[in-house]
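Just so you know, all these numbers are worked out from the coordinates, no wet-lab data involved. Because the structure is a prediction, the values reported are computed rather than measured. Counting neighbours? That spans all protein chains shown, and the Cβs are built from the backbone with ideal geometry, glycine included.
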Amino acid sequence: MQVIHTDNAPAAVGPYSQAIKAGNTLYLSGQIAINPAEGKIVATTITEQAEQCCRNIEAVLKAAGTDMSKVVKTTCFLAEIADFKAFNEVYAKHFISKPARSCVAVKDLPAGALCEVEAIVVFD
């Protein structure tokens, strides 16, 4: 197993890695809208937070030597299911390969986040 870490995405807020590569598969931990330069969530809307989540994912994927086109599965968590449409508009701009996905509303997310996205990537 190889631990993937980049300073261009938020540091883990618990005892886990940003991502782990095992064989030809990368498991990306859930990313919330923490701005890595600030060390906290600065975005206030679901659209802004979804954009930051995607930028964080892109940074971790770049550190692993891959990109969004290789994502095969995502799991998305929303603090409010009413944000589903706005979240999807941002998501669709970044995940253009349309990976398999689950998207659910949850009671709470870390740091008061409005959304969180985790991903699985397969390398060629």
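Ignoring everything except DSSP H segments at least 4 long, calculate the 222 nm mean residue ellipticity for the chain; use -39,500 (n - 2.57) per segment, divide by total residues, nearest 500. Could the numbers behind the result be given before it?
Values: 2 runs with 29 residues, N = 124.
Rounded to the nearest 500, the figure is -7500 deg cm²/dmol.
Are there GluC sites (Glu not before Pro) in segment 3-100 that DSSP puts in a loop and that have at most 13 other Cβ atoms within 10 Å, and which ones? Working shown, then result.
Numbers: sites: Glu38, Glu48, Glu51, Glu58, Glu80, Glu89; in loops: Glu38, Glu80.
Answer in residue order: Glu38, Glu80.
Determine ³J(HN,Hα), in whole Hz, for all residues of segment 34-46 in sequence, where each value follows from phi through the Karplus function 6.51 cos²θ - 1.76 cosθ + 1.60 and θ = phi - 60°; x replaces Gly and Pro.
5, 7, x, 6, 8, x, 7, 7, 10, 6, 10, 9, 4
What ³J(HN,Hα) values, in whole Hz, does the Karplus curve 6.51 cos²θ - 1.76 cosθ + 1.60 give for segment 94-107 when θ = phi - 60°, with x put for Gly and Pro?
9, 9, 6, 7, 6, x, 4, 7, 10, 9, 9, 8, 10, 5
Please give me the summed charge of the neighbours of His94: other residues whose Cβ is under 10 Å from its Cβ, Lys and Arg +1, Asp and Glu -1.
In short, 0.
Highest mean first, what order results for 14-21, 61-68 on Cβ atoms within 10 Å?
Result, highest mean first: 61-68, 14-21.
Cross-chain or 8 or more residues apart, Cα under 19 Å: how many lysine pairs in the chain fit that? Count them up, please.
Lysine pairs meeting both conditions in the chain amount to 14.
Do any cysteines of the chain lack a neighbour Cys whose Cβ is under 4.7 Å away, and which are they?
Isolated Cys, the chain: Cys53, Cys54, Cys115.
List, in order, the whole-Hz ³J(HN,Hα) value for each residue of segment 3-20 obtained from phi through the Karplus relation with A = 6.51, B = -1.76, C = 1.60 and θ = phi - 60°; use x for Gly and Pro.
7, 10, 9, 9, 6, 7, 10, x, 5, 4, 9, x, x, 8, 9, 4, 7, 10
Across all directions of projection, what mean area in square nanometres is found for the Cα convex hull of the chain?
6.9
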